[in-house]
1. In the chain, which trypsin sites (Lys or Arg not before Pro) fall in coil by DSSP and have 10 or fewer other Cβ atoms within 10 Å?
2. If amide H atoms are built 1.01 Å from N in the plane of the peptide, which residues on other chains or at least 5 residues away come under 5 Å of the amide H of LEU47?
3. Using alpha carbons only, how many degrees (0 to 90, rounded to 10) separate the axis of helix 28-39 from the longest principal axis of the chain?
4. Assuming R0 = 22 Å, what is the FRET efficiency of ASP16 and MET48, from their Cβ-Cβ distance, to the nearest 0.05?
5. Give me the distance in nm between label points sitting 7 Å out from Cα along the Cα-to-Cβ direction at GLN36 and LYS1, one decimal.
6. Using just the helices of the chain, give the 222 nm mean residue ellipticity in deg cm²/dmol: DSSP H runs with n ≥ 4 each add -39,500 (n - 2.57), and the total is spread over all residues, rounded to 500.
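Since every read-out is calculated from the coordinates, none of them should be taken as a lab result. Keep in mind it's a predicted model, so treat the numbers as computed, not measured. Glycine also receives a Cβ, built like all others from the backbone with ideal geometry; neighbour counts cover every protein chain displayed.
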Amino acid sequence: KSDMESLLGNAGISNDTTVILYGDNNNWFAAWAFWQMKYYGHGEVKLMNGGRA
């Protein structure tokens, strides 16, 4: 958990930062990142439906 907090913190992401994830190839990587962030307790993470335009 401390590694994830350090990684996100170094990117300027705190626990109250809303993170919106999207991706190509059926969003599998974005879905994995969403699960990881939820697992480690990040409260404001969203998965965009439909990817990017």
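1. Listed in order of number, the matching sites are LYS1, ARG52.
2. Counting only residues 5 or more places away or on other chains, the set is LEU21.
3. The two axes meet at around 30 degrees.
4. Values: r = 20 Å, r/R0 = 0.90.
After rounding to 0.05, the efficiency reads 0.65.
5. 1.8 nm
6. Values: 2 runs with 21 residues, N = 53.
Mean residue ellipticity, 222 nm, calculated: -12000 deg cm²/dmol.
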